[in-house]
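This report refers to the structure that appears directly beneath it.
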Amino acid sequence: MVFDKQVRHYIYEHFVKTGQAPTLSHCAQAFSCSVPEARAAFQRLADGRALVLQSNGEILMAEPFSAVPTAFSVEVGRHVWWGNCIWDALGILAMLQEDGRVVTACGCCNDAMQVEVRNGQLVDASGCVHIALPPKDWWRDVVFA
């Protein structure tokens, strides 16, 4: 549906510009539609795995972006976004095609960690990423996978 594609594009554009998800009200205002129409578009996008919604119908995730703070802060200059996991955090930098860093912590010992990307490449790529589930299983419970 054309409307849903426009809403999805607006959501990503809003995330990139502001670091936050647009609300249902923002979308309704941007598209001169009702909140129920915006909610229906969000739900169709969620049904198609383009979004993950909170219980109130607002956006929780628009992969790779998180609408709520996570352990994966993505920094480009003075701009900050939240990734849902290291994979998504690096995906934000790849999507933006910008140099930046991911500030996080080790999953097993909680020591502070930084991952820097310059010119599309990891800088000092020591360490490892542990992905507990194969990608084919991520959507079984994408919030807790």
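Computed quantities for the displayed model
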read-out	value
Distance-filtered residues of the stretch 6-22 - backbone nitrogen under 20 Å, label point 7 angstrom along R44 Cα→Cβ	6-14, 22
Net charge over other residues, Cβ less than 15 angstrom from the Cβ of V123 (K, R count +1; D, E count -1)	-3
Cα-centre dipole for the chain with unit charges at Cβ (Lys and Arg positive, Asp and Glu negative), debye to 20	300 debye
Dipole axis of the stretch 35-145 (+1 Lys, Arg; -1 Asp, Glu on Cβ), positive-most option in S126, A40, A50	A40
The stretch 2-62: relative contact order as a whole-number percent, Cα under 8 Å and 6+ apart	29 percent
Order by protection proxy (mean Cβ within 10 Å, highest first), peptides 96-103, 57-64	57-64, 96-103
Cα gyration tensor shape for the stretch 2-62, rounded if a/c is under 1.5, else prolate or oblate	rounded
Estimated translational D of the chain in µm²/s (Stokes, Kirkwood radius over Cα pairs; 37 °C; 0.692 mPa s)	203 µm²/s
Ellipticity estimate at 222 nm from DSSP helix runs (n ≥ 4, -39,500 (n - 2.57)) divided over the chain, nearest 500	-10500 deg cm²/dmol
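FYI, it's all coordinate maths here, none of it is from the lab. All values derive from a computational prediction rather than experimental measurement. Every residue, glycine among them, receives a Cβ derived from its backbone with ideal geometry; neighbour counts consider all protein chains shown.
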